[in-house]
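J.: Shown below is the structure under consideration.
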Amino acid sequence: MIPDARRANYESLLRDARATLAGIDDPIAVMATLACLIYRAVPGTSFAGFYRVVAPRLLRIGPYQGPLGCLEISFDRGVCGAAARDARPQLVADVHAFPGHIACDEGARSELVVPVFDGAGTLVAILDLDSHALANFNDDDRDGLERLVAAFAGAFAVAESSAGL
Ligand code: SME
């Protein structure tokens with residue numbers, strides 16, 4: 001997709017998400033709906049979903065679309081772990097070149113992971129996109145998805161099992 005079209009795609013995705021989720025502040029409903037909208041809107045995406053922070057340094061699968069994801073990922077492991085550990089996006093053009101990449105799906109070749117924060121700025125989840133194509137995602141995807149999850153920060157809260165940590 002050409003750069004302008006890619007950026008326009010995220011503007012339209014954000015509009016759709018805001019319209020669909022108007023008045024909804026349930027974090028699971030928001031994550032499930034965003035995963036569905038992202039999976040359909042971002043070309044080349046094989047997996048789109050959330051891993052929630054459920055304990056110190058532990059991610060557990062949340063709402064997603066695509067093939068089976070790993071159930072739990074420690075902050076010490078993989079691309080998702082790196083994004084959670086540093087609370088920064090990870091844009092990986094070739095997952096085989098990423099030390100410690102976790103191959104939940106043998107066909108995955110590139111990946112984009114963005115951290116998800118609640119309204120107070122606490123990391124509550126990460127959003128993971130995988131593709132079977134090399135270098136499927138770029139900076140525009142990263143920016144678009146960061147903006148998208150930031151728009152729903154008010155609906156996200158720390159998972160119950162980790163509340164008070
Ligand atoms: N590849 C990821 C694991 C998550 S799945 O691919 C759904 C990683 O290395 O963190």
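J.: Once you order the gyration tensor axes a ≥ b ≥ c over the Cα atoms, which shape class does segment 1-124 get: rounded for a/c under 1.5, otherwise prolate or oblate by comparing a/b with b/c?
T.: Because a/c hits 1.5 or more and a/b fails to exceed b/c, segment 1-124 counts as oblate.
J.: Can you tell me the relative contact order of the chain? Whole percent, Cα pairs under 8 Å, sequence separation 6 or more.
T.: Contact order relative to length: 24 percent.
J.: Starting from the eigenvalues of the Cα gyration tensor, five times each then square-rooted, give me the equivalent ellipsoid semi-axes of segment 1-70, largest first, whole Å. Each step should come with its number before you reach the end.
T.: Details: eigenvalues 109, 55, 20 Å².
Largest first, segment 1-70 gives 23, 17, 10 Å.
J.: May I pose another question? With r as the distance between the Cβ atoms of Ala120 and Asp143 and R0 = 22 Å, compute the FRET efficiency 1/(1 + (r/R0)^6) and round to 0.05.
T.: 0.45
J.: Also: Using helices alone, what [θ] at 222 nm do you get for the chain, with -39,500 (n - 2.57) per DSSP H run of 4 or more residues, divided over all residues and rounded to the nearest 500? Walk me through the numbers on the way to the answer.
T.: Values: 4 runs with 55 residues, N = 165.
The per-residue figure over the chain is -10500 deg cm²/dmol.
Values in this text are rule-based calculations from the coordinates and carry no lab data. The structure displayed is predicted, hence computed values, not measured ones. Positions of Cβ are backbone-derived with ideal geometry, glycine not excepted, and every protein chain shown enters the neighbour counts.
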